[in-house]
Every structure is written in structure tokens, then in C-alpha cells.
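Okay, structure first, notes after.
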Amino acid sequence: MMFPIGGKARALTALEHAGLPVPPWFVVLPDAFTTGADPAGRTDEPIRLADAAREEVARALAEICPDGGTVAVRSSAADEDSATHSFAGELETFLFVETDQVTDRIADVRASGFSARVLAYRRERGLVLPPPPPAVLVQRMVDARVSGVAFGANPVSGARHTAVVSAVYGLGSGLVSGDCDADTYHVDRANRIVHRSIVAKRRALRPLPRAAEGAGAEPVEETRVFAPVLSDDEVQCVAALTRRAGAYFGRPQDVEWAFDNARVYLLQSRPITTLAEIADPEGFLNIWDNSNIIESYSGVTTPLTFSFAREVYEAVYRQFCRLLRVPSRRVADNDRTFANMLGLVRGRVYYNLLNWYRVLAMLPGFALNRSFMEQMMGVRERLPSSIEAELVPSAVGGRVQDALNLASTIVGLIASYVSLPRSIGRFHVRLDAALGPISPPLSERRADELIAYYYELRRRLLTRWDAPLVNDFFAMVFCGTLRRLCERWCGDREGGLQNELLIGERGMISAEPARRVLEMAHAARAHPRLRQLLRVGSVDTIVAALAEAPDLEALYKAYLATFGERCLDELKLESATLHDDPLPLFRAIGHLAASEPSASEERDQTDTRRKAEHRVRKVLAGNFWRRAVFSWVLRNARARVRDRENLRFERTRVFGRVRRIVLELGRRLHEEDALAQPRDIFYLELDEVLGFVEGRATTTNLKGLAAVRLAEFEAYRGSAPPAERFETRGIVYRGNAFSGEAASAGSRVSGDERHGLGCSPGLVRGPVRIVRDPVHADLSGRAILVAERTDPGWILIFPMAAGLLVERGSLLSHSAIVARELGLPAIISIPGLTAWLQEGDEVELDGATGVVRRTSRAGTRT
């Protein structure tokens with residue numbers, strides 16, 4: 001039977017192979033004993049070495065200590081000094097052991113492998129019990145002048161390129177035990193000492209025969225108390241040896257070292273076990289934020305959806321910069337920026353925020369546009385000024401070239417603005433042609449034909465997303481400018497005037513689903529049995545019963561034909577659309593039909609808009625130029641917001657077509673036995689699927705890949721999500737906690753008032769309903785809808801609400817725009833909202849000022 005030599009002995013063997021200085025040693029294997037602990041750790045008779053082993057120990061002692069010197073006797077257990085468990089101080093160690101005492105100390109160390117503290121250590125860490133018997137290491141003692149420990153990386157800060165050397169007079173075990181204070185040095189990757197801490201060292205561990213472990217503390221001479229233990233050369237020597245050990249083992253090491261007179265020895269080496277839990281503070285900074293993207297990608301998003309979305313974002317923003325004539329060299333220099341605009345953290349999608357700023361910094365007016373982007377994205381925290389300077393692109397070719405580049409980009413902006421209406425028209429034509437009827441249908445196509453169709457769709461649409469991109473940019477600019485003009489020229493500090501001016505823009509498709517749901521609810525009121533089924537029946541039962549109401553059936557089919565892809569989490573390819581599951585639509589119709597017609601069906605925003613326009617004319621009456629500029633900005637803001645929503649609906653159509661392609665690919669791969677289930681395709685990345693069909697896959701075991709990812713993402717679903725905004729350093733998935741502030745500002749403040757962004761004017765009071773699943777939401781009784789976040793699929797229940805309060809979002813988010821069009825008083829971006837309110841609390845919200853007040857708590861009204 002082969003026995004392991006244990007962690008310490010393995011490390012010493014490796015150090016010798018690496019040519020590093022190690023004192024002579026040998027190891028006593030576990031089978032060298034004739035008696036010992038039974039599997040439960042009990043001993044029936046004293047532990048002793050076999051006779052043959054005793055003779056071998058004597059010969060080995062004579063070889064490593066030919067002059068009769070002393071040795072150290074230590075454990076070398078199988079899992080000791082591993083990458084995850086150090087067992088530091090758990091087993092016995094004896095120093096300065098005389099030759100005639102070595103066999104007894106070997107037996108003592110062997111017995112300590114079954115001590116109560118070792119058993120408790122293993123039990124706490126889930127290690128196997130009973131423990132395997134330890135090997136015992138015997139090593140010639142170094143009569144240390146100075147000694148200590150060194151780390152190939154900083155174990156406290158996590159800095160991977162900073163070595164830490166701690167040194168004491170005498171034996172290093174005094175440092176490990178805490179009996180002696182140590183000087184500490186930090187050495188950078190160029191082997192320069194960048195920090196030193198020289199402390200008072202009043203005690204040193206020296207040989208002491210009477211002590212149980214062979215050493216004891218003695219006072220340090222007064223003249224040496226404040227003197228450095230090591231010279232700079234010695235510090236650099238220890239740091240260099242420690243790094244050599246780390247290079248050999250392939251990971252930073254925690255070593256023990258000692259100088260005798262002039263020579264340094266490495267006595268022990270083990271991996272630093274804490275680094276995986278600490279981010280490298282010297283690593284590149286990333287700031288992650290999901291303030292607005294949570295509207296599109298809430299909760300856990302599958303690998304296929306993320307890989308598709310990441311590819312689309314990269315392609316379209318490269319195209320955006322080309323359209324605005326950003327110099328091609330600058331675009332090329334930012335390859336990593338475009339490729340990393342999104343991140344996936346514990347299955348959740350985040351903006352890689354600094355890269356968004358970097359893209360914006362390529363355009364003129366960064367300082368102004370930065371604040372507009374933050375408003376559009378709903379970013380609550382401004383970019384630190386210390387980081388802003390790093391994002392402004394450096395000169396590419398001198399002042400003249402910079403001026404030419406800037407001029408070219410400005411010309412590109414002007415040209416894009418002038419041609420935008422025509423570009424939008426051409427985009428709609430191109431999209432309708434690409435998404436028209438196809439033959440043969442997707443359900444009849446082979447896998448390679450489906451992929452060919454996907455590539456064609458990508459060529460015709462996804463890489464020619466010019467109009468939506470340019471329109472989004474100008475929507476951001478004009479809405480941001482309008483807000484500033486309302487503040488500075490019209491004295492509107494709350495933002496209500498801007499919202500009132502943007503109300504009632506005709507031709508916006510986003511409000512159409514809510515209006516059609518109201519129309520269907522009105523039709524359903526004439527059919528009592530169907531009205532009840534819509535609220536509680538199954539899909540099949542409801543579909544069959546629709547034949548009783550041909551007017552409602554026609555409206556329903558027309559709705560699906562136009563808005564069938566608009567669903568909860570509609571940009572997630574794994575989401576079920578209304579074609580797949582129309583239950584959310586049926587429930588919304590049923591709840592509305594069961595309630596009395598309310599103000600939500602009668603709101604007219606024309607008067608609110610007209611009054612806001614009159615207010616502006618009155619304030620600017622004496623200034624022709626201001627009035628002209630304000631009118632131009634307002635006209636453009638209205639047009640750009642309208643077109644933004646209409647173009648976002650076209651995005652829904654495109655994603656819906658890609659969803660159908662992916663689902664059919666999943667079925668083909670399942671038919672070929674490449675996937676266990678068709679929907680397992682969502683746990684593969686897009687390029688893994690394409691590569692499998694095209695013959696460039698690096699892994700063809702799609703079943704195995706999908707199974708690994710499925711288990712990982714199920715764990716993400718069951719775990720707490722990361723913070724809304726957090727920073728990472730270095731390797732994103734190592735050592736970073738993904739946590740922001742312990743609590744948001746809103747959740748820390750006590751009281752009955754909160755402030756958010758008013759996005760749709762109106763004053764309303766009523767009980768709140770906290771909705772997490774809109775499919776089963778019932779907002780009857782003039783309830784105010786409260787949600788952490790919404791997406792376009794939630795619009796079905798908006799007509800049931802008396803008002804809207806949302807914890808996340810921005811002024812250009814879908815819910816904000818639709819609420820304005822429906823005349824639904826609304827406030828968004830209210831920190832800590834869902835933790836602050838309880839079901840049944842009564843509140844008063846002012847959609848103009850963004851203030852919500854709790855007027856009574858649940859259960860306290862009379």
C-alpha cells in the first residue's frame with residue numbers, strides 16, 4: 001500500500017527540484033509504525049516506530065546532521081498545507097530536538113494527527129473522518145539569526161504583484177504564534193521596497209531545551225529593538241525566492257524562511273489560501289449598473305440570450321460611431337470597449353458602465369451628453385470626477401488632426417440629424433421586407449437552413465440598425481436639453497413641465513396595447529360567462545369560449561397578429577410570447593371587464609399639454625430667440641421620443657423572429673440527439689450553436705455543456721441577486737463581492753415620504769398593490785400599482801391602475817413614456833420603494849413633482 005508523504009514534504013521536494021535553498025530533511029511514512037491510533041482516534045498502547053524504521057531514522061539523522069546537530073520534527077499530513085486547508089498550528093511541532101529524542105517526538109507528532117482539535121478542524125470544514133494518519137517530517141534545524149514568513153502576494157489587500165516579507169529576530173515561530181512583533185516590508189513586481197514598517201521588537205524566540213517545543217522567548221538587546229531586522233538586500237532576496245517558489249508551484253506561496261549567518265533557507269511553502277476570496281486592488285476597475293437594462297433583462301438571463309444581446313450591442317454601437325464619422329482608428333482602438341458593453345454577473349445582465357462612457361467620450365460634447373446619458377439610463381450615481389478624466393480620448397494625431405476629427409464627427413451628427421426622418425422610413429421598409437412571410441416556413445427547415453436564414457436576418461437588419469441608434473442618441477440629447485431649458489428658462493425645478501409638454505404625442509404605438517385591452521374589456525362585459533372565464537379559466541377553455549363572442553374574438557386575433565411578440569421579458573429569447581401563452585392577456589382583459597369603467601378609460605391629456613404650452617409661451621413671450629429655440633427643441637424631443645418607442649417595437653419584432661429561429665434549432669438538435677430537450681438550447685451560447693452546425697465547435701458535447709450551465713443558472717435563480725450597482729477589480733469573477741452600499745439611500749431614510757422622478761403628471765391617492773407577477777395582478781378598487789421594475793409586458797395591466805410607482809427606471813424607459821400617453825400619474829426611480837411600502841398602505845403620489853407620501857399604513861385605517 002502506498003502512503004502519501006503529506007503536504008509539507010511534497011512542497012519541500014518541489015522546492016529542491018526548483019533549485020531553491022532547503023535544509024536537509026527526510027520523511028517518516030505512516031506505515032513506519034507498528035501500533036497507533038485506530039480509525040476512531042483511540043490508542044490502546046503507546047505509538048512506536050517499527051524496529052526497521054527506527055534503524056532507517058538513525059541512518060537518515062546521521063546523513064542530515066553529520067555534526068550531531070538538532071532537528072525540527074513536524075507533521076506532514078495528506079491534506080495539510082493544501083490550496084484550501086492549511087491546518088496551521090493544529091498538529092504538534094518540536095524544535096531543536098536532540099538526536100536521542102527524535103523517535104519519541106516522531107511518535108508525538110503522529111499522535112497529534114488524531115487530537116481533539118484536529119478532529120474538530122476537519123469536522124468544521126467537512127473533511128473526511130477519521131483522518132488519514134500523518135507522515136512526519138524531520139529537518140535539520142537552522143540556528144536562525146533572523147527569520148519570518150513571506151507571501152508572494154499581499155494576503156490582506158489581495159494585491160497579486162506585491163510580495164510581503166515579515167521578519168523577527170530569532171525563530172519565525174514566534175511571529176506565527178504572535179509572541180514576537182515583526183518588521184514588515186512590501187516589495188513590488190520590480191523587486192523594489194515600496195513600504196516598510198519597522199516596529200519595536202522586544203522579544204525573540206531562541207533555543208530553550210527546557211521548553212515543551214524546544215524554544216522560548218528572550219529579551220532583545222535595547223540597541224536592536226528599533227533597528228531593522230533585515231537589510232534591503234536581504235528583504236529583496238527573500239521576496240525574490242518567494243516569487244520563485246510561486247512561479248514553480250503555479251500560484252502565490254506563503255513561505256517560512258530563515259537566515260543563519262549569511263545564507264537564507266526556505267523551511268516551508270504552502271499556497272496562500274485566501275486570495276480567491278479577495279479582488280486584486282491593483283486590477284482594472286469596472287463599474288456595473290443595471291438601472292435601466294433591468295427593464296429589458298430582469299432576473300436571470302440565459303447564456304444564449306446574453307450572447308446574442310452582447311453581439312448585437314457590439315455590432316450596433318460600432319455602426320453608430322461609424323455613422324457619426326468617428327475616426328476609424330479611434331473605433332479600432334476601442335475594440336475591447338465595444339465587445340464589453342454588457343456583462344453577466346450571477347446570471348444577471350449589467351451595463352459595463354465605464355465602456356458606455358468611453359463610447360460617449362468619442363463624440364463631441366462629452367461633458368454635456370454624459371448627464372443626458374445618465375438620465376436616459378436611470379443612473380443614480382454620477383461618474384466620479386477622478387475617473388472622468390481617464391475616459392476622455394487622448395489626442396490621436398496632434399491638435400490639427402484632432403480638430404479635423406472633431407469637425408468630421410460634428411458634420412456626421414448634422415448629416416445624421418438632417419437625414420433621420422428618411423432613414424427611419426427606409427428602416428421600416430427594410431424591416432417589413434426582412435420580416436415578411438417566408439417560404440418554406442421555419443418549422444420545415446433543416447438546421448443549416450435555419451442558420452443561413454439567421455445570417456441573412458443579421459446582415460439585413462442587426463448590422464444595419466442605423467435609424468434606431470441615431471434616433472436614440474438624438475432623443476437623449478433633445479430630452480436632456482428640453483429638461484435643462486425648462487429648468488433654466490421656465491423655472492421648472494421638479495421636471496413636471498417637461499413631462500406635461502411630452503404628453504399626447506400622436507402616432508406612438510407603445511400605448512396602443514393598453515387601448516386595445518380596454519377595447520377588449522369593454523366587449524367582454526357583454527358576455528358574463530366569458531368574463532368570468534377570462535379571470536379564472538385555462539387557456540384552452542377561454543379560446544374555445546371565444547366563439548361565443550365573435551366581436552371579442554376578432555379583436556383578440558387582431559391583437560395577437562400585431563402584438564403577439566410583446567410579452568413579459570420580451571427581449572429574452574427564452575421567454576414565452578403571447579402566441580405561446582396568451583394567459584397574461586386574457587387575465588388583463590378579465591380583470592378590466594370585471595371592474596367598472598374608470599377614469600383610466602376616459603383620461604384626456606390634450607388639456608394638460610395645452611396648459612403646459614401656454615405656460616411656456618407666457619414665460620418666454622418677451623424673448624423671440626429663446627421662444628424659437630425652445631420650440632425647436634420641444635418639437636424634436638417629441639418626435640424623437642415617439643420614434644424611439646415605435647422603433648423599439650420593431651426591435652421586439654426582430655427579436656421575436658430570432659426567438660422562432662432558435663426554438664426551431666433547439667428542436668432540430670433534439671431530434672439529432674445533440675440536446676436532451678429542445679429548450680436546452682438556451683443554455684448554450686449562440687456561437688456554440690452556430691459552430692456545432694458549421695463544423696468549428698471546440699466542444700461537441702452540447703448535452704454536457706447545457707447540463708453544466710443549467711445547474712449553474714438554477715443556482716443563480718435560488719441565490720440573492722448582486723447589487724444594482726457595484727465595482728469590481730481585476731478578474732471579475734474572482735474575489736469580487738458584487739455588493740454596493742449596504743442599503744440604498746431611500747431604504748435607509750425613515751419617515752413617510754420618498755422622492756423619485758415624476759414622469760407623468762397627476763395627483764392621486766389610494767391603496768397600493770405591490771405586484772411581482774403581472775399575470776395574476778388584480779388592481780380593482782382604484783389601487784396604485786407598485787413594482788420594483790416593469791417591462792413592455794406590464795403595459796397590459798396599466799389601465800387597471802390608478803397610479804404607478806416603480807423602484808427602477810428612467811425618464812425614457814418604456815413605462816414612463818406609456819404612463820404619460822395613458823395619462824396615468826406615475827413616479828419612477830424611487831430608491832427602496834418595495835422595501836418601504838407594504839401591501840395595503842395608502843399613499844398620495846404627485847406625478848409632477850416626483851413626491852410620494854404614505855398617508856396611512858396597512859391595517860390602521862378606520
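Would you confirm, using the coordinates I've provided, whether S760 is hydroxyl-bearing (S, T, Y) and without any contact (Cβ under 8 Å) to a residue 60 or more places away in the chain?
Against the criterion (hydroxyl-bearing (S, T, Y) and without any contact (Cβ under 8 Å) to a residue 60 or more places away in the chain), S760 does not qualify.
Quick one: count up the residues across the stretch 168-185 that are closer than 11 Å to A217 by Cα, part of a strand (DSSP E or B) and charged (D, E, K, R).
0
Restricting attention to the stretch 667-684, does a residue exist that is surrounded by fewer than 19 Cβ atoms within 10 Å (Cβ to Cβ), acidic (D, E) and under 19 Å from R310 (Cα atoms)?
no
For the stretch 685-708, how many residues are of a type in the set (V, I, T), open to solvent by 40 Å² or more (accessible area, probe 1.4 Å) and either part of a helix (DSSP H, G or I) or closer than 20 Å to L354 by Cα (or both)?
2
Residues in the stretch 437-492 that are open to solvent by less than 40 Å² (accessible area, probe 1.4 Å) and not in a helix (DSSP H, G or I): how many?
So the answer is 4.
Let's see how each residue does on (1) within 20 Å of L324 (Cβ to Cβ); (2) surrounded by 14 or more Cβ atoms within 10 Å (Cβ to Cβ); (3) modelled with pLDDT of 90 or more; (4) within 35 Å of the chain's Cα centre (by Cα):
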| position | (1), (2), (3), (4) |
| --- | --- |
| N405 | yes, yes, no, no |
| L413 | yes, yes, no, yes |
| S423 | yes, yes, yes, no |
| L431 | no, yes, yes, yes |
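Taking V238 and the conditions (1) within 42 Å of the chain's Cα centre (by Cα); (2) open to solvent by 60 Å² or more (accessible area, probe 1.4 Å), which numbered condition does it fall short on, given that it satisfies the others?
Evaluating V238 over (1) within 42 Å of the chain's Cα centre (by Cα); (2) open to solvent by 60 Å² or more (accessible area, probe 1.4 Å) leaves (2) as the failure.
When the stretch 152-166 is examined, which residues are found to be within 21 Å of L266 (Cβ to Cβ) and not in a strand (DSSP E or B)?
Selection gives G152, A153, N154, P155, R160, H161, T162.
Assigned to a helix (DSSP H, G or I) and surrounded by fewer than 19 Cβ atoms within 10 Å (Cβ to Cβ): is that true of A711 in this structure?
It is true that A711 is assigned to a helix (DSSP H, G or I) and surrounded by fewer than 19 Cβ atoms within 10 Å (Cβ to Cβ).
Looking only at the stretch 132-143, count how many residues are open to solvent by 10 Å² or more (accessible area, probe 1.4 Å) and outside any strand (DSSP E or B).
Going through the stretch 132-143 one residue at a time, the tally reaches 5.
Which residues, taken from the stretch 493-526, are open to solvent by 10 Å² or more (accessible area, probe 1.4 Å), under 25 Å from R430 (Cβ atoms) and in a helix (DSSP H, G or I)?
Scanning the stretch 493-526 gives I509, E512.
Just to be sure before I move on: is R329 buried (at least 21 other Cβ atoms within 10 Å of the Cβ) and either closer than 19 Å to P303 by Cα or not hydrophobic (A, V, I, L, M, F, W, C) (or both) in the structure I sent?
no
When the stretch 263-299 is examined, which residues are found to be closer than 30 Å to F655 by Cβ, at pLDDT 90 or above, hydrophobic (A, V, I, L, M, F, W, C) and open to solvent by less than 10 Å² (accessible area, probe 1.4 Å)?
Residue satisfying the conditions is I287 alone.
Select from the stretch 300-326 the residues that are open to solvent by less than 30 Å² (accessible area, probe 1.4 Å), touching a Gly at 6+ places or on another chain (Cβ under 8 Å) and closer than 14 Å to T409 by Cα and list them in ascending order.
Within the stretch 300-326, L324, V326 qualify.
Restricting to the stretch 544-570, count the residues that are more than 22 Å from W794 (Cβ to Cβ) and either in contact (Cβ under 8 Å) with a residue 12 or more places away in the chain or touching a strand residue (DSSP E or B) at 6+ places or on another chain (Cβ under 7 Å) (or both).
Looking only at that region, the number is 6.
Checking G730 against (1) open to solvent by 20 Å² or more (accessible area, probe 1.4 Å); (2) touching a strand residue (DSSP E or B) at 6+ places or on another chain (Cβ under 7 Å); (3) not aliphatic (A, V, I, L, M), only one condition comes out false. Which one?
Going through (1) open to solvent by 20 Å² or more (accessible area, probe 1.4 Å); (2) touching a strand residue (DSSP E or B) at 6+ places or on another chain (Cβ under 7 Å); (3) not aliphatic (A, V, I, L, M) one by one, G730 breaks only (2).
How many of the residues in the stretch 318-370 are of a type in the set (S, T, Y) and modelled with pLDDT of 90 or more?
Total satisfying the criteria: 3.
Condition first: at pLDDT below 95 and small (G, A, S). Now tell me which residues in the stretch 640-678 satisfy that.
G656
Exactly one condition in (1) farther than 25 Å from L578 by Cβ; (2) surrounded by 23 or more Cβ atoms within 10 Å (Cβ to Cβ); (3) over 28 Å from the mean Cα position of the chain (by Cα) is not met by E807; state its number.
With respect to (1) farther than 25 Å from L578 by Cβ; (2) surrounded by 23 or more Cβ atoms within 10 Å (Cβ to Cβ); (3) over 28 Å from the mean Cα position of the chain (by Cα), E807 is out only on (3).
The values are calculated or read from the model by the stated rules, or taken from the named source; none is laboratory data. This structure is a prediction, so every number in the text was calculated from the model and none was measured. We place every Cβ from the backbone using ideal geometry, glycine too, and count neighbours over all the protein chains shown. For accessibility, only protein heavy atoms count, side chains too; no ligands or nucleic acids. Shrake-Rupley method; radii C 1.70, N 1.55, O 1.52, S 1.80 Å.
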